[in-house]
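See below for the structure under consideration.
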Amino acid sequence: MNTKNRKLELVFIMILGLLVFIAPLFYSDLYFLSLMIKMALACLITLGLRLIFLTGQLNMGHAAFMGLGAYVSALTSLNLGLPVWMAMLLGGSVSALIAAPIGFVTLRIKGAYFAIVSMGLGEIIRLIYTRWEGLFGGASGVFGIPAPIIPISGAPFSGKIHYYYLIFFLLFLVFLAVRRIETSRLGLLFKAISLNDDLTRSVGVNIMNVKVISFCLGSFIAGIGGAYYAHYLLFISPNDFSFWTSANYILYIVVGGVGNFYGALLGPVFLIGLGDLLISLREYVPLVFGIVLIAIMKFRPGGLTELSAQIWNKISR
């Protein structure tokens, strides 16, 4: 990216950040705040999935690590009295720690085989939540999860506006971290492995270690997102982290554009916004999403970011 484009990107991010910050001051409708929170959380978790996608691995069990973060954070804060902020960080860390041994075993598999294995592992983890009622509450889930505490006043979160600013703060941190990783030497290794892992190995790179690092980083972000989800809804159940949840995040990143960093942001915003517009036709939303996916793969394989880049180039000229 040249200097001019970097400056334009920085200006755009600053303007967008300012709009996000002041939006609730002018329009504090609860439905609007809920929709924005849903979009921001989806963007955060999709960014974590993108780190795994960069190595060429299709992770169809991403929601399982979101669930790990949610359950660890919820149970440690509820049963052990751990402060919510520490519990959320612990949730992300446990997700990454559990992802490490799983990654060392499963990431040796490539392509569709890894996708199938990751889907199976995700469902196994979900069934553990369902069957182990003593610890995870079974199919009924976990109730009464404590809300985060405002650091200055010590009062618990009491409105959606608190959760709004919290999720966008977390999204901003994850955005900076993933952007930095993607443009670093580590990110270049991720992309090299995706293009040709044998060639990357031939120049002395331990591709297994690099794949595990990307898997753990993506799982950590998913765990943080899951922890936020738990303390936002104050209730979680195994069905919140099913295969279909993982499929949604894959759909977001494919529609947004796998080859572009901003695809992980544009995809969730577009599809969640589209689903909201079609809320009166809820039963047809999966059909519409399927048509959108087919159209993207047929006419714009690079996703919405490719289309937006073409529009931007025409405007620039």
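The values are calculated or read from the model by the stated rules, or taken from the named source; none is laboratory data. Everything numeric in this text was worked out from a predicted model, so none of it was measured. Glycine also receives a Cβ, built like all others from the backbone with ideal geometry; neighbour counts cover every protein chain displayed. The accessibility values were calculated without ligands, DNA or RNA, using every heavy atom of the protein model including side chains. Shrake-Rupley method; radii C 1.70, N 1.55, O 1.52, S 1.80 Å.
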*Percent carbon-and-sulfur accessible area, region 63-114, ignoring ligands, DNA and RNA, probe 1.4 Å*: 78 percent
*Carbon and sulfur: what percent of region 158-233's accessible surface (1.4 Å probe)?*
68 percent
*Sort 187-194, 66-73 for me by packing, meaning the mean count of neighbouring Cβ atoms within 10 Å per residue, highest on top.*
66-73, 187-194
*Solvent-accessible area per residue, Å², over the chain with all protein chains present [probe radius 1.4 Å]*: 51 Å²
_Segment Met297-Asn206, extension gain: residue separation times 0.36 nm, minus the distance between their alpha carbons_ = 29.5 nm
*Candidates Tyr229, Tyr165, Tyr249: whichever shows maximal mean-square fluctuation once the chain is modelled as a Gaussian network with Cα springs under 10 Å*: Tyr165
_Residues in region 155-172 that a label on Tyr31 would reach, taking backbone N under 17 Å of a point 7 Å out along Cα→Cβ_ = 160
*Hey, in the GNM for the chain with a 10 angstrom Cα cutoff, which one of Phe21, Phe157, Phe241 fluctuates hardest?*
Phe21
*With the convex hull built on the Cα atoms of the chain, state its orientation-averaged projected area in nm².*
18.2 nm²
*Any chance you could run the full-extension gain for Ala23 through Arg282? It's 0.36 nm times the residue separation minus the Cα-Cα distance, nm to one decimal.*
90.5 nm
_Placing one identical point scatterer on every Cα of region 63-203 and ignoring solvent, what is log10 I(q)/I(0) from the Debye formula at q = 0.10 Å⁻¹?_
-0.50
*Could you pull the accessible area for Arg300 with a 1.4 Å probe, rounded to 10 Å²?*
80 Å²
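Counting only complete DSSP H runs, which helices of the chain cover 24 Å or more along their long axis at the Cα atoms and score a mean Kyte-Doolittle of -1.0 or above?
The answer, listed by residue number, is 3-26, 30-53, 62-79, 84-106, 111-131, 160-183, 207-233.
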*Rounded, prolate or oblate (a/c below 1.5 giving rounded, otherwise prolate when a/b exceeds b/c) for region 1-119 by Cα gyration tensor*: oblate
*Using a/c under 1.5 as the rounded threshold, could you call region 141-188 rounded, prolate or oblate? The axes a ≥ b ≥ c are square roots of the C-alpha gyration tensor eigenvalues, and prolate needs a/b larger than b/c, oblate otherwise.*
prolate
*Between region 1-76 and region 205-266, what is the C-alpha centre distance in whole Å?*
10 Å
